[in-house]
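Chemist: Take a look at the following structure, please.
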Amino acid sequence: MCGIVGYVGDQNACDIIIDGLKKLEYRGYDSSGIALYEKGELEIHKYKGRISNLEDAIADYNFKSTIGIGHTRWATHGEPSDLNAHPHVSMDKTIAVVHNGIVENFVELKEWLIKEHGIVFTSGTDTEVIAHLIQVCYKGDLTDAVFEAVDKMRGAYALGVVCSKEPDKLIAVRKDSPLVVGLGKGSNFIASDIPALLKHVREIYLIENNETVVLTKNKVTLYNAERQEVKREVFHVTWDADAAEKEGYDHFMLKEIHEQPKGILKTLTRRLGENNEINLDGITMTKDDIESFNKVYIVACGTAYHAGMVGKFIIEKLAKIPVEIDVASEFRYRDPFVDDKTLFIAVSQSGETLDTLAALREAKRKGARVLSIVNVVGSSVARESDDVFYTWAGPEIAVASTKAYTTQLMCMYLIALYMGKTKGCLPIEEYTRYLEELKEIPDKIKTILKQEKVIQNMAKELYKREQVFFIGRGADVGVSYEGSLKLKEISYINSFAIAAGELKHGTIALIEQDTLVIALATQDALFAKMLSNIQEVKARGAYVVGFAKENNKEMGRQANQVFYIPECMDEITPLLSVIPLQMLAYYIAKLRGCDIDKPKNLAKSVTVE
Ligand code: M6R
């Protein structure tokens, strides 16, 4: 969940690394640091807090180095502090390491290094062992030393290593944590993610697990775990570097909320051929495969899991196949009932979430067919899946996921429609009606976005609340969970979501005078039931904000405040109803003065268990 950047070449390494780290700050932001080879030795600077602290602290040094590594951290071992920030250096100060991941056997390695080599540790991190380990393995060749050290390590890691005794060489290693290499002219780069490199290069190597890369300014060599040289195809990045910029918006989150019509349209049109045929280009799953599945498992974390909640609802309804959903961290440890008749759908924006990746591997081991819904092309989840249904959301930078969620939903609809049609359980008129409605969604979202002022005013009324309940039924349940997560993760308001019918089984005990209840009632078929639930909470004094379709004006009479979404089929409302909830979370967090794009304790890409 940290970000690493490394550079070797002719240019100023410090500027390149700091700039790259800023692009990776979404991955972790409790401390940052840099190691540069300056005047015959390694200069290390590292500070608690945001990258701006590091930048300010080294502003006057005027470094000239052309090789170095940098890191932005999300603490796992050891609290955020100057001392625990990376890079970590070997005791003899010749080797510096940046690390994203966890060294699982660090306690035993640490004891061995202390006992056998008299190493003195200075930080509370697991990473420090790596620097010392490389030092004790060093016998005149850095590449040999890194190979030997990595052999002794267990866990997940992407590493960047530099050594003052070999100042023309940068070494990187990948095991279960993302790593890319940027290929320039007289300049080569490493990073945890592509946006860090886009200013400089578009030719990339996607590094595979258990690979080691040796970079000099003119050469990049890849090795597998057996130390055989491996060849890799160059991946050419086509996205616009501006996609990773705020473009005048106050925050990435707001920009990404506004990008949803575009992302959804792209996700839909990439899969829609002539005559409303859904094309599965690049997907190897056949009609026979689809007919052979007797169960679907959707597994994911956080917002992606909430997309799975809607996916279950829609796939069961349209494709008539039982769907189980699970959070990835639970799935992988509970010996789930999965076999070769299971379609396993992994959902992940980053494609690097470790729990999701581990669940995917577990499902594969048990024989399931793996289809993933992923935003980042070439990510680990994408590469390890049998088939990938890409979301075309573009880079999502804000920690709070918005456009990834709605594009994931669009994929769910397309998968459900395709399966329903292929299995012959969805009549063609129904299939066509759904697709026609889906095509209208981008414009309907634009209509909602135009009502931003209404949501801003709502936020002004609500931002001082410290507790909120989200309730809904049917397709609104998953959206309630998502709305609640969005609000809590960026505004720190204690927010809780529950199926409205479940309230009376316990949670209603918490409703009292003025408790805020956000009621999603966008399902025509369940509207009357929702009105009863609203009555129940109002009878206990709740202040209700209702979300309903335009034609259900009764909501205006029942709720204290109301927001109407455009008319559409019940099953498709999640694509619309989540938009005002995202905006509400955003404006509430803004009024509370929160750091919206980088909420406390979180990171964008969760590559630890
Ligand atoms: O990259 P992924 O989609 O696998 O990430 C999963 C969750 O960590 C992510 O959705 C998280 O819940 C977001 N912060 C929610 O906004």
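Chemist: Can we say E247 is farther than 27 Å from G378 by Cβ and away from the ligand (no atom under 16 Å from the Cβ)?
Modeler: Spelling it out, it is not the case that E247 is farther than 27 Å from G378 by Cβ and away from the ligand (no atom under 16 Å from the Cβ).
Chemist: Taking the options H99, H71, name whichever one is open to solvent by less than 20 Å² (accessible area, probe 1.4 Å), part of a strand (DSSP E or B) and either out of contact with any Leu (no Cβ under 6 Å at 6 or more places or on another chain) or without any contact (Cβ under 8 Å) to a residue 40 or more places away in the chain (or both).
Modeler: Matching residue, one of H99, H71: H71.
Chemist: Go through (1) assigned to a loop (DSSP other than H, G, I, E, B); (2) touching a residue at least 60 places away in the same chain (Cβ under 8 Å) for K139 and report which single condition fails.
Modeler: In the conditions (1) assigned to a loop (DSSP other than H, G, I, E, B); (2) touching a residue at least 60 places away in the same chain (Cβ under 8 Å), K139 misses (2) alone.
Chemist: Can R592 be described as of a type outside the set (A, V, I, L, M, F, W, C), surrounded by fewer than 23 Cβ atoms within 10 Å (Cβ to Cβ), assigned by TED's automatic domain parsing to the domain that holds I471 and under 29 Å from C301 (Cα atoms)?
Modeler: Spelling it out, R592 is indeed of a type outside the set (A, V, I, L, M, F, W, C), surrounded by fewer than 23 Cβ atoms within 10 Å (Cβ to Cβ), assigned by TED's automatic domain parsing to the domain that holds I471 and under 29 Å from C301 (Cα atoms).
Chemist: Filter region 162-183 down to the residues that are open to solvent by 30 Å² or more (accessible area, probe 1.4 Å) and not basic (K, R) and list them by number.
Modeler: P167, D168, L183
Chemist: Condition test on A57, is it among the aliphatic types (A, V, I, L, M), without any contact (Cβ under 8 Å) to a residue 60 or more places away in the chain and either open to solvent by 10 Å² or more (accessible area, probe 1.4 Å) or not assigned by TED's automatic domain parsing to the domain that holds A13 (or both)?
Modeler: Considered against the rule, which asks whether it is among the aliphatic types (A, V, I, L, M), without any contact (Cβ under 8 Å) to a residue 60 or more places away in the chain and either open to solvent by 10 Å² or more (accessible area, probe 1.4 Å) or not assigned by TED's automatic domain parsing to the domain that holds A13 (or both), A57 comes out as yes.
Chemist: Next question, about the same structure. Quick check on my filter: what residues within region 376-393 are open to solvent by less than 30 Å² (accessible area, probe 1.4 Å) and either within 26 Å of L575 (Cα to Cα) or away from the ligand (no atom under 11 Å from the Cβ) (or both)?
Modeler: Residues satisfying the conditions are G378, S379, V381, A382, S385, D387, V388, F389, T391, A393.
Chemist: Checking the conditions here, which among I455, I428, I373 is away from the ligand (no atom under 16 Å from the Cβ), modelled with pLDDT of 95 or more and surrounded by 20 or more Cβ atoms within 10 Å (Cβ to Cβ)?
Modeler: Being away from the ligand (no atom under 16 Å from the Cβ), modelled with pLDDT of 95 or more and surrounded by 20 or more Cβ atoms within 10 Å (Cβ to Cβ) holds for just one of I455, I428, I373, which is I455.
Chemist: Which strands (runs of 3 or more DSSP E) does region 499-592 wholly contain that include 1 or more residues that are among the basic types (K, R)?
Modeler: The strands (runs of 3 or more DSSP E) meeting that bar are 543-549.
Chemist: Select from region 350-367 the residues that are more than 10 Å from the ligand (Cβ to nearest atom) and either outside the structural domain of A304 (by TED's automatic domain parsing) or open to solvent by 10 Å² or more (accessible area, probe 1.4 Å) (or both) and list them in ascending order.
Modeler: Correct list: A358, R361, E362, K364, R365, K366, G367.
Chemist: Could you say whether any residue in region 577-588 is within 16 Å of the ligand (Cβ to nearest atom) and exposed (fewer than 15 other Cβ atoms within 10 Å of the Cβ)?
Modeler: Looking for residues that are within 16 Å of the ligand (Cβ to nearest atom) and exposed (fewer than 15 other Cβ atoms within 10 Å of the Cβ), one finds none in region 577-588, hence no.
Chemist: Something else now. Would you point out which residue out of V338, V323, V347 is open to solvent by less than 20 Å² (accessible area, probe 1.4 Å), within 13 Å of the ligand (Cβ to nearest atom) and of a type in the set (V, I, T)?
Modeler: Of the residues listed, the single one that is open to solvent by less than 20 Å² (accessible area, probe 1.4 Å), within 13 Å of the ligand (Cβ to nearest atom) and of a type in the set (V, I, T) is V347.
A quick yes/no check of all residues on (1) over 26 Å from L354 (Cα atoms); (2) open to solvent by 10 Å² or more (accessible area, probe 1.4 Å); (3) outside the structural domain of E609 (by TED's automatic domain parsing); (4) not in a loop (DSSP other than H, G, I, E, B):
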residue	(1), (2), (3), (4)
V8	yes, no, yes, yes
L24	no, no, yes, yes
S65	yes, no, yes, no
M91	yes, yes, yes, no
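Chemist: Failed condition for T391, given (1) touching a residue at least 60 places away in the same chain (Cβ under 8 Å); (2) β-branched (V, I, T); (3) out of contact with any Ser or Thr (no Cβ under 6 Å at 6 or more places or on another chain), with all others met?
Modeler: T391 satisfies all of (1) touching a residue at least 60 places away in the same chain (Cβ under 8 Å); (2) β-branched (V, I, T); (3) out of contact with any Ser or Thr (no Cβ under 6 Å at 6 or more places or on another chain) except (3).
Chemist: Test each condition in (1) aromatic (F, W, Y); (2) crowded, with 22+ Cβ neighbours inside 10 Å; (3) assigned to a loop (DSSP other than H, G, I, E, B) for F121 and report the one that comes out false.
Modeler: (2) is the only condition that F121 fails.
Chemist: If I filter region 26-54 down to residues being open to solvent by 10 Å² or more (accessible area, probe 1.4 Å) and in a helix (DSSP H, G or I), which single residue comes out as nearest to D92 (Cα to Cα)?
Modeler: Filtering region 26-54 for residues that are open to solvent by 10 Å² or more (accessible area, probe 1.4 Å) and in a helix (DSSP H, G or I), the one nearest to D92 (Cα to Cα) comes out as N53.
Chemist: Which condition number in (1) under 24 Å from A459 (Cβ atoms); (2) in contact (Cβ under 8 Å) with a residue 40 or more places away in the chain; (3) open to solvent by less than 20 Å² (accessible area, probe 1.4 Å) is the one that V477 fails?
Modeler: Tallying (1) under 24 Å from A459 (Cβ atoms); (2) in contact (Cβ under 8 Å) with a residue 40 or more places away in the chain; (3) open to solvent by less than 20 Å² (accessible area, probe 1.4 Å), V477 fails exactly one: (3).
Chemist: Please identify the pairs in which a residue from region 493-522 that is touching a residue at least 24 places away in the same chain (Cβ under 8 Å) has its Cβ atom under 7 Å from the Cβ atom of a residue that is outside any helix (DSSP H, G or I) and open to solvent by 90 Å² or more (accessible area, probe 1.4 Å), counting only partners at least 6 apart or on another chain.
Modeler: Once the first residue is touching a residue at least 24 places away in the same chain (Cβ under 8 Å) and sits in region 493-522, its partners that are outside any helix (DSSP H, G or I) and open to solvent by 90 Å² or more (accessible area, probe 1.4 Å) give I493/E466; N494/E466; I508/R540; I511/R540; E512/R540.
The values are calculated or read from the model by the stated rules, or taken from the named source; none is laboratory data. Treat the numbers as computed from the prediction; the structure is a model and nothing was measured. All Cβ positions, even for glycine, are placed from backbone atoms using ideal geometry, and neighbour counts span all protein chains on display. Heavy atoms of the whole protein, side chains included, go into the accessibility calculation; ligands, DNA and RNA do not. Shrake-Rupley method; radii C 1.70, N 1.55, O 1.52, S 1.80 Å.
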